[in-house]
Amino acid sequence: SIWRAASRGEIRVVVGARSAIFAPVADLGVIVVDEEQDSSFKQEDKPRYHAVRAARFRADREGAVLLLGSATPALETYEAARRGELGYLALRSRPGGLGMPRVDVVDMRGRREILSTELVSALEGCLSRKEQAIVLLNRRGHANFIQCRGCGWIEHCPNCSIPLTFHGRRQELACHYCGYRAPVPDACPRCKEYKLVHRGVGTERVEMELANLLPGVRVARMDLDSTRGRRGHLAVLERFASGESDVLVGTQMVAKGHHFPSVTLIGAVAADRGLQFPDFRAAEKTFRLLFQAAGRAGRGEKGGTVVVQTRAPEHYLYEYLARHDYEGFAEREIEMRRQLGYPPAGAVMLFTVQARSAERAAAAAAAAREAIAASVGGAAAVLGPTPALIERLKGNWRFHVLVKGDLSAELRREAVRAALERVAAAKPAELSWDVDPVSFS
């Protein structure tokens, strides 16, 4: 009904998620994309599309104004603005003349505690002043996995090549990709010893640590496990906004878009976790998350502090984070990408071959790689095939072939045609491809 009303001109403003870009608004005048850097604007399932690119195309076609908003624009967007393809408007200060929060980087190398003494001390001071805090850890669950200290056994998902995450409240092991669940064993299934220990940490564990270290603290948790249901996340935020909770613990859901004037402290636990992923955007994604989270502190008159815990304090992103210098980080990162030929300096295309058998998937991926290389010639680099980051997903074995370079539309079509022909002969393998992927898992 909204779709039809918009096409008739009865609705003049449409607000929605990425699919709203296709709403048939009559006499379109302006398109606003808020948090344009967010990876959720890329649809990973067929039909694949990027809502920001679709917005640029539609604005050009219909003569509308396009406004992309972000505190940390995607580097592709920033580079387009540098080249003059987009206008660039920068807010150099906070409204009302408020200052930016101080950023303290805590070196966690050689330390075993989950919450550093520096962060705990800052939390104690914050709570004594009747202020609020947000603690960020971009990993849900109680622990990353359980392991036997005796023989090293780890429970893996039978459908995916990843360890099962331990959830303490539910006392179960869960796969966050296919939904598989299993009870927590009392003893090691392999050696029968009672030596199971928790490895890693998630938001559920941080919630428990806060309760143990800060008696009487009121903690709210915001992640996919605690916000199920239509109003789950709103209920958590409303309690925090009303002062019913002192500390909000959560994943990236707590890092952006929230305005709580009473929040004077942000804690980032395991801030370098994202840097470990084999993704050329790893530093950009980590900087973006921490920069956005830091912006939640000091939005009132009391000022704010950000405590960042990391085992990689020498990484250059912390230097720019401490200065709240997005542009400096962007310039340095783009130069590194230019040397390596990655976006925004070049284009990439990811081919994924999957099959129920690892041998079939590997053979089909090798055949696809050979065909792609022959089709593009020397115009692009063809890398792989390599096992996907999650090699087995929902029962399928997966391999990647990455193409990077100056990829014209014609070259992309030719690469797809060649790969399809070769993989078709390798059935029952399946081929999919993604132009300018945002995920490499």
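Only the coordinates and a few stated rules stand behind these numbers; no lab work does. Fair warning: this is a prediction, and the values are worked out from it, not measured in the lab. Counting neighbours? That spans all protein chains shown, and the Cβs are built from the backbone with ideal geometry, glycine included.
A few remarks follow.
- Here the range 199-218 and the range 79-120 have alpha carbon centers that stand 25 Å from each other.
- A straight Cα-to-Cα reach below 30 Å connects LYS404 with the lysines LYS42, LYS46, LYS285, LYS394, LYS427, residues fewer than 8 places away in its own chain not being considered.
- Among the chymotrypsin sites (Phe, Trp or Tyr not before Pro) within the range 50-133, those in coil by DSSP and having at most 15 neighbouring Cβ atoms inside 10 Å are TYR88.
- Distance between the C-alpha centres of the range 168-190 and the range 309-371: 32 Å, rounded to the whole angstrom.
- Packing around the peptides 360-370, 338-348, taken as the average count of other Cβ atoms within 10 Å per residue, puts them in this order, highest first: 360-370, 338-348.
- Built amide H within the under 5 Å cut-off of ARG221, gap 5+: VAL249
- Considering only LEU402, LEU28, LEU91, the mean-square fluctuation computed in a Gaussian network model of the chain, springs between alpha carbons under 10 angstrom, is largest for LEU91.
- For LYS42, the residues whose modelled amide H falls within less than 5 Å of its own, excluding neighbours fewer than 5 places apart on the same chain, are ALA51.
- Summary value for the chain: 15 percent relative contact order, contacts being C-alpha pairs under 8 angstrom separated by 6+ residues.
- Backbone HN-Hα couplings from phi across the range 148-165 [Karplus 6.51/-1.76/1.60, Hz, Gly and Pro as x]: 8, 5, x, 10, x, 4, 10, 7, 10, 5, x, 9, 10, 8, 9, x, 6, 7
- Computed about the Cα centre, the dipole magnitude for the chain is approximately 920 debye when only Lys and Arg (+1) and Asp and Glu (-1) carry charge, each at its Cβ.
- Per-residue 3J(HN,Hα) values for the range 52-69, derived from phi via the Karplus relation 6.51 cos²θ - 1.76 cosθ + 1.60 with θ = phi - 60°, read 5, 5, 4, 5, 4, 5, 5, 4, 4, 5, 9, x, 9, 7, 10, 10, 9, x Hz in sequence order (x marks Gly and Pro).
- Ratio of Rg to Rh for the range 2-69: 0.96 [Cα atoms; Kirkwood radius as inverse mean 1/r over pairs].
- For the chain, the residue among ALA187, TRP433, ALA381 whose Cα projects farthest onto the positive side of the dipole built from Cβ charges is ALA187.
- 3J(HN,Hα) couplings calculated from phi for the range 87-104 with the Karplus curve 6.51 cos²θ - 1.76 cosθ + 1.60 (θ = phi - 60°) are, in sequence order, x, 9, 10, 10, 8, 8, 8, 6, x, x, x, 5, x, 7, x, 6, 10, 10 Hz; Gly and Pro show x.
- Whichever lysines have a C-alpha closer than 19 Å to that of LYS130, once near sequence neighbours (fewer than 8 apart) are set aside: LYS302
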